[in-house]
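First the structure, in the form of C-alpha cells, and then the observations on it.
The values are calculated or read from the model by the stated rules, or taken from the named source; none is laboratory data. The model shown is predicted, which means the values in this text are computed figures rather than measured ones. Here Cβ is always computed from backbone atoms with ideal geometry, including for glycine, and neighbour counts include all displayed protein chains. The protein model used for the area step is the full one, side chains on, heavy atoms only, and it has no ligands, DNA or RNA in it. Shrake-Rupley method; radii C 1.70, N 1.55, O 1.52, S 1.80 Å.
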Amino acid sequence: MEDCIFCKIIKGEIPSYKVAETGEAYAFLDIGPLSAGHTLVLPKKHIRNIFEADPKDLYPVLDLVQKIAVLMKEKLPCDGVNILINNGEAAGQSVHHCHWHIIPRFSGDGYKFPPAGSLSKEQAEEILGKLK
Ligand code: AMP
Ligand code: ZN
C-alpha cells in the first residue's frame with residue numbers, strides 16, 4: 001500500500017532497526033519504546049487489522065512473534081513480555097498495518113495495567129448471549 005509507513009519500512013524505503021525477517025514477516029525496533037527492546041512484528045502483506053485478516057496470513061507472523069519473545073528472554077535478557085495488537089483507533093491503533101507489539105518486562109519495573117473490574121452473572125450472560 002502506497003502511503004503506509006510500515007510497507008515502506010518493509011521495502012527499505014524508510015530505515016528501520018531490523019530484528020528479524022522471514023518470507024512473510026518483518027520485525028523491527030519500535031522507535032517509541034515502552035521498554036528497552038520493544039519490538040514490532042508484522043506481516044509483509046498489507047493487512048489493516050485483525051478484523052480484515054485471513055488467519056492464514058497471521059500464522060507465520062505469530063511464529064516470528066514467538067521466536068522473538070524467546071530470543072528476548074534469553075538474550076536481552078528480560079523476565080517476561082507483554083504481547084499485544086491494537087486493532088482500530090478506539091483501541092489505540094495509529095499505524096493501520098496490523099502489527100504485534102512485543103514489550104519486554106523486567107522484574108520490579110513497576111508497570112501496572114489498570115485495576116481489574118468485576119463481572120456479575122447478569123453481565124456474563126448478556127455478553128455470552130451476544131457472542132455465542
Ligand atoms: P500502534 O499505536 O499500535 O498503531 O503502534 C504504532 C507503533 O509504531 C508506535 O508504538 C510507534 O512508536 C511505532 N512507530 C511509528 N513509526 C515508526 C518508525 N518509523 N519506526 C519504528 N517504529 C515506529
Ligand atoms: Zn502497509
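Things worth noting here:
- Flag if Asn87 is without any contact (Cβ under 8 Å) to a residue 40 or more places away in the chain and within 16 Å of ligand 2 (Cβ to nearest atom): yes
- Of residues in the range 1-29 being open to solvent by less than 30 Å² (accessible area, probe 1.4 Å), touching a strand residue (DSSP E or B) at 6+ places or on another chain (Cβ under 8 Å) and not in a strand (DSSP E or B), the one nearest to ligand 1 (Cβ to nearest atom): Ile9
- Of all residue pairs spaced 6 or more apart or on separate chains, those with beta-carbon atoms under 8 Å, a first member in the range 1-30 that is near ligand 2 (Cβ under 9 Å from one of its atoms) and a second member that is modelled with pLDDT under 95 are Cys7/Met1.
- Residue pairs meeting the criteria (Cβ under 7 Å; at least 6 apart or on separate chains; first of a type in the set (A, V, I, L, M, F, W, C), in the range 101-119; second open to solvent by 70 Å² or more (accessible area, probe 1.4 Å)): Ile102/Ile83; Ile103/Leu34; Phe106/Asp79
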